1. In the range 312-329, which residue that is in contact (Cβ under 8 Å) with a residue 60 or more places away in the chain and within 13 Å of Ile202 (Cβ to Cβ) is surrounded by the most Cβ atoms within 10 Å (Cβ to Cβ)?
2. Taking into account only those residues within the range 253-266 that are of a type in the set (A, V, I, L, M, F, W, C) and closer than 12 Å to Ala285 by Cα, which is nearest to the chain's Cα centre (by Cα)?
3. Among the candidates Met238, Met192, which residue alone is assigned by TED's automatic domain parsing to the domain that holds Arg110 and touching a His at 6+ places or on another chain (Cβ under 9 Å)?
4. Which count do you get for residues in the range 222-247 that are surrounded by fewer than 16 Cβ atoms within 10 Å (Cβ to Cβ), modelled with pLDDT of 95 or more and either outside any helix (DSSP H, G or I) or touching a helix residue (DSSP H, G or I) at 6+ places or on another chain (Cβ under 6 Å) (or both)?
5. Kindly indicate which of Thr243, Thr318 is in contact with a Ser or Thr (Cβ under 6 Å, 6 or more places away or on another chain), farther than 30 Å from Tyr135 by Cα and assigned by TED's automatic domain parsing to the domain that holds Gln212.
6. Quick one: is Val263 in contact with a Cys (Cβ under 6 Å, 6 or more places away or on another chain), farther than 30 Å from Asn145 by Cβ and of a type in the set (A, V, I, L, M)?
Amino acid sequence: MLDRIKEVIDEVTVATVGSKDDLENFRLRYISRKGILNDLFEQFKTVANDQKRAVGQELNKLKTFTEQRFKDFSEELENATDDSAGSKLDLTLPVAPNFAGSVHPLTLTRQRVLEVFARMGFSHEDGPEVETDWYNFTALNFAENHPAREMQDTFFVEKKAAQKDDVLLRTHTSNVQVRLMERKKPPIRSIMIGRVYRNEAISARAHCQFHQIEGLYVDKNVSFKDLKDTLYHFAKEMFGKDTKIRLRPSYFPFTEPSAEIDVSCFICGGKGCNICKHSGWVEIAGSGMVDPNVLQNSGIDPEEYTGFAFGMGVERITMLRYGINDLRLFFENDVRFLRQFEGA
């Protein structure tokens, strides 16, 4: 048996490998379960006891040598493949253009909202994210000690003795409405979209920053029916032609009367599912007729003009549109998540 082991060592020593097929044939011949090494270890069981020590040492040497040769051949082939790939690289060729990234789902929703309201005659307005207390609270009918201020946990940038001089990160985009009414006389028909901030614990349903959509229409003889018709048309355009809306009485300091807006669940068709919590309805917005005090604070005569306003979350609409169940995904920049919206 020692002679056979020596023959195999000589074979392995002179063996050459020039391709992956050669490497696989080497493995099959020598170190696979049906290879020569396995046969030799089976034969070792029949070796006389007085020869087992010498034969076992040589057999183990053969096994170690053969496995090392296989490893060396594998590395040589890998390096050769890399070199051949590099040798084919033509550095004179033009640089390949980078592929464009996908559009963020919040941007897709923003674009769609602006498109829908633009067809209804709404312009797009914007305003500062760092705001004073006057535009964020007081002008919107929040009294200095009004309990509604506690509904919005505010990030204060600079807090001063005089309440209306406080500087803060806006808690809603309603500040843009006040600024717009100050500098423009009715008729006003505008939509505002932007980032807002609230000091809230981050979870799957809440975040310290998010985006709001707010709409404002001020003119002579604007009625609650105008508000309902506007939101009904938006819901059908955004969620489908079979969508229905429902208004529920609510409270906001800057509107009176006020209402929460629900839409029929477009996932289950109003029959009840996990998305709508088996109610058949999904809340999307708050709305109401602009309070006369807000009009007066903005320099508009409430005896001559009326108006409606509404507000909704961009994240909320996006989660409903695309079936997303965790708000944090919008802010983590996970490429695996964002690539799902390529071409959307």
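1. Glu315
2. Of everything passing the filter in the range 253-266, Val263 is nearest to the chain's Cα centre (by Cα).
3. That would be Met192, the only listed residue that is assigned by TED's automatic domain parsing to the domain that holds Arg110 and touching a His at 6+ places or on another chain (Cβ under 9 Å).
4. The qualifying residues number 1.
5. Checking each option against the conditions leaves just Thr243.
6. Judged against the criteria, Val263 is not a match.
The values are calculated or read from the model by the stated rules, or taken from the named source; none is laboratory data. Given the structure is predicted, the values throughout are model-derived calculations rather than measurements. All Cβ positions, even for glycine, are placed from backbone atoms using ideal geometry, and neighbour counts span all protein chains on display.
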